[in-house]
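To keep things clear, I will list the structure first and then write my remarks on it.
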Amino acid sequence: MSFSDIMYPFEWLVAWIMYLWHGALTAIGLPEAGGWTWTLSIVGLVIVMRAALIPLFVKQIHASRKMQLIQPEMQKIQAKYKGKTDPDSRQKMTEETMALYKDSGTNPFSSCLPIFVQMPFFFGLFRVLNSLDEIGSGAKAGIGPITQQVAAQAESSSIFGAQLSAQFLGTGGGISVKVVTITLIILMSLTTFTTQYQLMRKNMPAAALEGPFAQQQKMMLYLFPIIFAVSGVYFPIGVLIYWFTTNVWTMCQQFYVIRRMPAPGSAAEKAMQDRRRKAGKSIDTPEETRERKHDAEMAQELEAKGVISGQRQQPTSKKRAKKKGGPPPKSGSSSAVDEDRPRTDN
């Protein structure tokens with residue numbers, strides 16, 4: 001089985017989603033052969049794909065929380081082999097780290113899952129756009145609803161004078177293609193950097209910003225924009241639109257999660273607590289309640305397996321302490337950080 005045979009189902013699905021969006025957009029009055037109609041069809045493809053990936057994104061968030069729960073154990077392993085550079089020590093450190101991942105059911109690369117799942121559709125769109133010229137001329141068979149007539153129409157569509165199927169290193173398009181491509185590459189790089197930056201600086205506790213894994217995250221912070229800048233010149237403008245749109249989706253989705261359901265111990269959680277105190281609120285939202293319950297269940301599961309040590313003593317509010325007849329918690333203690341909000345993170 002060739003690569004083309006493997007990719008064809010993804011090309012077929014991409015073609016149908018774009019075609020249906022194109023039909024819906026023309027039904028509300030957009031020009032059938034307009035470049036913006038086909039551009040919005042690509043945006044519609046992103047919306048369908050990312051909406052379908054929401055359950056996977058939720059799993060990614062939970063996997064990230066579990067990674068944060070095992071950070072104290074990770075630091076113990078790192079401290080145990082600190083300063084030891086001989087091959088045996090490095091191998092044992094790797095083995096103990098992998099055993100911790102296995103016992104806790106975590107995966108350091110879980111944050112890349114949405115990207116990996118999207119890749120076949122990304123390349124499917126790349127191949128569809130690259131095939132428009134050949135399909136439109138009749139040199140190649142159509143893909144699903146992308147017939148010769150539809151392909152010719154999509155091939156000739158453009159935005160800001162640049163065809164959606166054109167590439168920076170292509171032979172046609174002139175300065176318009178170069179300007180649109182460079183603009184999209186810059187926007188892709190900025191959105192990628194912003195997404196990774198807000199994740200590391202706002203939604204990770206201080207403990208998670210230390211060690212080899214944190215160093216890998218920091219490298220990715222600067223590496224991905226460079227990858228986009230180098231590889232973007234080979235992609236059709238339509239593919240760059242797809243990737244920029246999915247970056248914007250990721251950035252907004254992550255901003256919502258960080259603001260409404262921040263990771264325990266992170267700067268985002270402190271900021272949320274400050275906002276709620278200023279607003280006179282002390283009751284968790286339903287989303288926060290569900291996330292904290294899930295965090296507690298994960299912590300209990302890992303504790304039962306012996307992966308992590310016992311949880312902190314649960315905080316008790318002054319009101320509850322008075323009802324039980326005990327003294328109220330002292331000011332400045334972990335129990336008084338958020339009086340009526342029990343914490344379940346480690």
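Hey, can you tell me all the residues within segment 27-42 that are in a helix (DSSP H, G or I) and open to solvent by less than 40 Å² (accessible area, probe 1.4 Å)? Answer for segment 27-42, where residues must be in a helix (DSSP H, G or I) and open to solvent by less than 40 Å² (accessible area, probe 1.4 Å): G35, T37, W38, T39, S41, I42. Answer yes or no: is there a residue in segment 160-169 that is touching a helix residue (DSSP H, G or I) at 6+ places or on another chain (Cβ under 9 Å), open to solvent by less than 40 Å² (accessible area, probe 1.4 Å), over 27 Å from Y8 (Cβ atoms) and not in a helix (DSSP H, G or I). So far as segment 160-169 goes, yes, one or more of its residues are touching a helix residue (DSSP H, G or I) at 6+ places or on another chain (Cβ under 9 Å), open to solvent by less than 40 Å² (accessible area, probe 1.4 Å), over 27 Å from Y8 (Cβ atoms) and not in a helix (DSSP H, G or I). Any chance you could count how many residues in segment 188-198 are modelled with pLDDT of 85 or more, farther than 13 Å from W249 by Cβ and surrounded by 18 or more Cβ atoms within 10 Å (Cβ to Cβ)? Residues that pass the stated criteria total 1. It is to be established whether one or more residues within segment 224-236 are at pLDDT 60 or above, in contact with a strand residue (DSSP E or B) (Cβ under 6 Å, 6 or more places away or on another chain) and outside any loop (DSSP other than H, G, I, E, B). Scanning segment 224-236, I find at least one residue that is at pLDDT 60 or above, in contact with a strand residue (DSSP E or B) (Cβ under 6 Å, 6 or more places away or on another chain) and outside any loop (DSSP other than H, G, I, E, B), so the answer is yes. In the set K178, K202, only one residue is out of contact with any Leu (no Cβ under 9 Å at 6 or more places or on another chain), surrounded by 15 or more Cβ atoms within 10 Å (Cβ to Cβ) and modelled with pLDDT of 75 or more; that residue is K178.
Within the group M74, M119, which residue is more than 25 Å from I6 (Cβ to Cβ) and part of a helix (DSSP H, G or I)?
Going through M74, M119 in turn, just one is more than 25 Å from I6 (Cβ to Cβ) and part of a helix (DSSP H, G or I): M74.
Annotation: of all residues in segment 77-89 being in a helix (DSSP H, G or I) and closer than 21 Å to T106 by Cβ, the one that is most open to solvent (accessible area, probe 1.4 Å) is K80. When segment 27-54 is filtered for residues that are touching a residue at least 24 places away in the same chain (Cβ under 8 Å), out of contact with any Pro (no Cβ under 9 Å at 6 or more places or on another chain) and over 22 Å from P114 (Cα atoms), the ones remaining, listed by number, are E32, A33, G34, G35, W36, W38, T39. When W36 is tested against (1) within 25 Å of the chain's Cα centre (by Cα); (2) under 18 Å from L164 (Cβ atoms), just one condition goes unmet, and that condition is (1). For S64, state whether it is more than 30 Å from W12 (Cβ to Cβ), within 16 Å of the chain's Cα centre (by Cα) and modelled with pLDDT under 80. Yes.
The values are calculated or read from the model by the stated rules, or taken from the named source; none is laboratory data. Just so you know, these numbers come straight off a predicted model, no measurement behind them. Glycine gets a Cβ as well: all are built from the backbone with ideal geometry, and neighbour counts include every protein chain shown. All accessible areas refer to the heavy atoms of the entire protein, side chains included, with ligands and DNA or RNA removed. Shrake-Rupley method; radii C 1.70, N 1.55, O 1.52, S 1.80 Å.
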